[in-house]
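Here's the structure, in structure tokens; my notes come after.
Just so it is clear, none of the values below were taken in a lab; they were calculated from the coordinates. Quick caveat, the model's predicted, so the values are computed rather than measured. Reconstructed Cβ throughout: ideal geometry from the backbone, glycine too, with neighbour counts over all protein chains shown.
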Amino acid sequence: MAKGGGFPDSFDDLSKEASTLSDADLERLMMSGGPATRDGDPPSVESLVPGSRVEGVVIEFRGGELLIELDGKTMGVVNEIEFTGDLPAIGERIQAQFERYDRRKDLAILSVGGVRREVIWEELRLGSIVEGTVTAVNKGGLTLDLKGLRAFMPASQVARERIEDLSALVGQKLRCEVTDINRATRDVVLSRRKILERESEEEKVNVLARLSEGEVLTGRVVRVNEFGAFVDLGGADGLIPASKIYAQLKSKLLDGPLEEGQQVTVQVVRVDPEKGRVSLELKQLAADTWKRVIEGYSVGEEVTGWVSRASPTEIVVTIEDGLEGVIPEGYVHLLGNEGRPGAILKAAITSIDAQKRLILLRPAEPKKA
């Protein structure tokens, strides 16, 4: 015989639960046919007010909208144009803001812009590494978008060396470090230069580990002072002592003093990894030999070569034996993995400096279909 005067056990359980509910909860239970929302349950769409923050799972893309499952029975939609970067993947949880409920479509209309900005603000810290898209160039530097949050990067912090035409970066994604946050005015200042400098130091360690005494390399003179000429070997600088330069000038092995930007052939004399020093001597290529090699090339011409050295500041491309070109820092970010040592790539000649024996390149424009 069933307990409770013939009623099943489940009724006894329901009676016990009902005894703990308020009159309002009992009324909602009777009207809706289900229990009231408990603490921790997702709020029902009826209880949401415009501006409420909700969370759901992306389950489908359709007609320029993302379909979001909010609580197992309520669906919401977000227009894909609200996402300034990549769209979230199916199955990814996202936060959004409730705008209104469309009863005709039985959908909650959602927005992500405001919530994404708030989430970014909550996560931002000094020293954080973020990725932003360059949206504009202004007098002082660049404007970037951080998932809906506007940020500023001073021109001096874009690269290790000055970039004359910052407009080439518009539309590019850059990894940056947060250097200043003003939560009162909602200003964020970024630096890409700090990241490049750290990467350069790491590359320097790698280059020093690879160098061997007696090795012959081609490098670019980056500065000249009373100590001699410092040559970039693709991530680490080596020094040609002033005394050796003077000796070659005196013996007429050099046409003239070395200058910044000049490309030279050098031999490694000594490597000191602990102090980060490399001593070099000049292996000067005869002027007539270089001129003879370069005769077949002109500004604007496209060439194919292989990457012999790469660093955050430049990529050195071997065009043919004894002839190299340099892709400067302003274009390095455009190449990605295509700029790794050993890669074959196409580039266009932007200038030829016969005196410095320097060829400057830029990545070739992709062919239109």
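Things to note:
- Distance cut-off 18 Å, percentage of C-alpha pairs in the range 197-284 lying past it: 39 percent
- Sorted peptide list for 351-362, 306-317, criterion being average Cβ within 10 angstrom, highest first: 306-317, 351-362
- Per-q log10 I(q)/I(0), the range 146-206, q = 0.17, 0.19, 0.21, 0.22 Å⁻¹ (Debye; single scatterer per alpha-carbon; no solvent): -0.65, -0.79, -0.91, -0.97
- Averaging 1/r over every pair of different alpha carbons in the range 132-250 and inverting the result gives a Kirkwood radius of 17.0 Å.
- Debye intensity ratio in log₁₀ form over the Cα atoms of the range 296-363, taken at each q of 0.14, 0.28 Å⁻¹: -0.34, -1.38
- The packing ranking of peptides 264-273, 336-345, 59-68, 226-235, highest mean first, is 226-235, 264-273, 59-68, 336-345, where packing means the average number of other beta carbon atoms within 10 angstrom of each residue.
- Cα-based Kirkwood hydrodynamic radius, the range 48-116, one decimal, Å: 11.8 Å
- Stokes-Einstein diffusion for the range 227-369 at 20 °C, viscosity 1.002 mPa s, with a Kirkwood radius from C-alpha pairs, works out to 132 µm²/s.
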